[in-house]
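Okay, so here's the structure we're looking at.
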Amino acid sequence: MTEATPTPLPPCDLAIIGGGAGGVLAAMQALRLATTPLRIVMIEPRDVLAQGVAYATTYGEHVLNVPAARMSAFDDRPADFLDYVVATMPPGGPDRDTLAHAFIERRQYGEYLRTRLQEATAASPASLLVVQDSVSELDARGDGATLHLAAHGPLEAKGVVLAVGNTPKPLPARGAPQLPEGRSLAAWDFDAVKAIPSDAELCIIGSGLSMVDTVLSLADNGHTGAIHVLSRHALLPLPHCHGPAATFDPAPMQSMSLRARMRFLRAAAKQAVADGLPWQAAMERIRPHGQALWQSLSIADQRRFLRHVVRQWDVHRHRIAPEVHAVLQAMLDRGQLRLHRGRLDTVMNEGRRLRVTTHTRDGRTDEFDVDYVVNATGVEMRAQTMRNPLLHDVLGKGHAQPGPHGIGLKAARDGRMVDADGTAQPRVFILGSLRIGCVWESIAIPELRGQAETAVRELLAIPAP
């Protein structure tokens, strides 16, 4: 049920802050694992659950970046999402094997999460109350925490899961705040992007997955205008390729320096191709080891990775559906999609258009005029700059500290939030993007579902099988 009026809330056994994918996964785990009538409260300001950045789109051109067979919400039911897709597919659709390798519409994944949450609620002895509100303060104690909600006031919780999701970065350009209304758009404002006139010329700042979403919406509209893409490296995400993972042993990588790991991985990719496999097979082999590889790097090598390697890693690791890549390639081939390598400096109103000024690596200044600018620079990674009152509160009070390299919050290995003195908060767990600095691989569904289950089992004292 959803709380309709701002009334005081009675104490709860578990409070989940955030109703995006991570929060919903935590709620499902708590409902599935509960054996007594526990009281679970989820606090989410939006009126629809499972609609964080990734799954808020309502447009069919935005598809998952992972095949359906690998998107289950449950570790112990690896085919669950595929089962859902098959069960909801209209008669005469593709067969199960085809769907297993298909990249399903992202809006359908949000529907899947909401459906499974409803089913878990109906079958559980525990109760779930969804409160449309926001949390501005958190005071942690050894036996729980007090949350301060904007409308409902204080809420006492025996355990807390902090799953606040992703925060978009602001446009990193001088002059951005002074741009005319409606001419500077966020890539995640899907409706606004869809409303761009088909003959408009635009510049997308950023060349990652958010850029892909924007280009797909434009292509779906039959866009004819030029589309400029500006980023420091001008690298586009690479495609998935169906096939098995390579068979090399990734364990030796953990004792190597960053430079040696990159040589090892390049050699593994070349060997995969020599063995008749795509280079992607090497990335698939190390996929389950991402967190261990990050945590086994020295601090200095982690810094080098963030400074020199991260973009190359992203385009090879966070791949897109082959059919999506084909759309981008076709637009590149006909000259409609134009890549610019450089650093954004200013975006200024120039008559009836917008002038974009960039600095290139060789010291030149480049300028071009467009009708719209789309911010696709991705998610904010530093907790201090996320513009989230709750994060500012826990950091200011010393209940939390920034994560490694200032990314997210620091967490113990099991996910407990670490305070300013280095002590893990016993009853507060964090998951998702806030743990990127600690574990790097932290926002894909396999990581989210694992973190959610660990947190719930610890907070509700339910042993792992």
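A few points about this structure:
- The requirement of being surrounded by fewer than 14 Cβ atoms within 10 Å (Cβ to Cβ) and under 19 Å from I16 (Cβ atoms) is fulfilled nowhere in the range 60-67; no residue meets it.
- For the range 133-147, the criterion of a residue being open to solvent by 50 Å² or more (accessible area, probe 1.4 Å), within 21 Å of T57 (Cα to Cα) and touching a residue at least 12 places away in the same chain (Cβ under 8 Å) is satisfied by no position.
- Hits in the range 132-147 (condition: within 24 Å of the chain's Cα centre (by Cα), of a type in the set (S, T, Y) and over 18 Å from L409 (Cα atoms)): S134
- Note on the range 389-418: residues that are in contact with a Ser or Thr (Cβ under 8 Å, 6 or more places away or on another chain) and over 30 Å from L236 (Cα atoms) amount to 5.
- Residues that are farther than 29 Å from R70 by Cα and either in a loop (DSSP other than H, G, I, E, B) or of a type in the set (D, E) (or both) within the range 192-211 comprise A195, I196, P197, S198, D199, A200, E201, listed in sequence order.
- Given (1) outside any loop (DSSP other than H, G, I, E, B); (2) at pLDDT below 95, index of the condition V130 fails: (2)
- Evaluating D213 against the criteria (1) acidic (D, E); (2) over 22 Å from M381 (Cβ atoms); (3) open to solvent by less than 20 Å² (accessible area, probe 1.4 Å) leaves one unmet condition, (2).
- The range 378-401, subset crowded, with 17+ Cβ neighbours inside 10 Å and modelled with pLDDT under 95, residue farthest from E137 (Cα to Cα): G378
- Qualifying positions in the range 281-295 - more than 20 Å from L209 (Cβ to Cβ) and open to solvent by 40 Å² or more (accessible area, probe 1.4 Å): R285, P288, H289, Q291, Q295
- Residue selected from the range 148-177 under the condition closer than 30 Å to R353 by Cα and surrounded by 15 or more Cβ atoms within 10 Å (Cβ to Cβ), by the criterion farthest from the chain's Cα centre (by Cα): G175
- Close pairs (9 angstrom Cβ cut-off, 6 or more residues apart or separate chains): under 19 Å from H62 (Cβ atoms) in the range 90-105, assigned to a helix (DSSP H, G or I) and open to solvent by 60 Å² or more (accessible area, probe 1.4 Å) anywhere: F103/E323
- Residue check, I320 more than 23 Å from L218 (Cα to Cα) and of a type in the set (V, I, T): no
- The range 250-276 residues that are under 16 Å from S298 (Cβ atoms), paired with ones that are outside any helix (DSSP H, G or I) and polar (S, T, N, Q) (beta carbon under 9 Å, 6 or more apart): M253/S296; Q254/S296; S255/S296; M256/S296; S257/S298; L258/S298
- Listed by first and then second residue, the pairs with beta-carbon distance under 7 Å, at least 6 apart or on different chains, first residue in the range 292-308 and within 15 Å of G406 (Cα to Cα) and of a type in the set (K, R), second modelled with pLDDT of 95 or more and open to solvent by 20 Å² or more (accessible area, probe 1.4 Å), are R303/H405.
- Flag for V48 being loosely packed, with under 14 Cβ neighbours inside 10 Å and among the aliphatic types (A, V, I, L, M): yes
- Any hit, the range 93-102, residues being over 14 Å from A50 (Cα atoms), surrounded by 16 or more Cβ atoms within 10 Å (Cβ to Cβ) and within 21 Å of the chain's Cα centre (by Cα): yes
- Yes/no for T214 being closer than 30 Å to R70 by Cα and polar (S, T, N, Q): yes
- Residue within the range 425-434 that is over 22 Å from R39 (Cα atoms) and open to solvent by less than 10 Å² (accessible area, probe 1.4 Å) present: yes
- In the condition set (1) more than 30 Å from T35 (Cβ to Cβ); (2) among the charged types (D, E, K, R); (3) in contact (Cβ under 8 Å) with a residue 40 or more places away in the chain; (4) crowded, with 21+ Cβ neighbours inside 10 Å, R449 is compliant with all but (1).
- Criterion: in contact with a Pro (Cβ under 8 Å, 6 or more places away or on another chain) and within 16 Å of A163 (Cα to Cα) - qualifying residue of A383, A411: A383
- Hey, P180 out of contact with any Phe, Trp or Tyr (no Cβ under 6 Å at 6 or more places or on another chain), surrounded by fewer than 20 Cβ atoms within 10 Å (Cβ to Cβ), at pLDDT 95 or above and not in a helix (DSSP H, G or I) or not: no
- Criterion: of a type in the set (A, V, I, L, M) and open to solvent by 20 Å² or more (accessible area, probe 1.4 Å) - qualifying residue of L238, L202, L218: L238
- Test: residue in the range 354-362 that is open to solvent by 40 Å² or more (accessible area, probe 1.4 Å), farther than 16 Å from A455 by Cα and among the basic types (K, R): yes
- Residues (open to solvent by 20 Å² or more (accessible area, probe 1.4 Å), in contact (Cβ under 8 Å) with a residue 40 or more places away in the chain and among the polar types (S, T, N, Q)) located in the range 2-45: T2, T7, T35, T36
The values are calculated or read from the model by the stated rules, or taken from the named source; none is laboratory data. Here the structure is a predicted model, which is why all the values come from computation and not from measurement. In this analysis, Cβ positions are derived from the backbone assuming ideal geometry, glycine residues included, and neighbour counts consider all displayed protein chains. Side chains included, ligands, DNA and RNA excluded: accessible areas come from the protein's heavy atoms. Shrake-Rupley method; radii C 1.70, N 1.55, O 1.52, S 1.80 Å.
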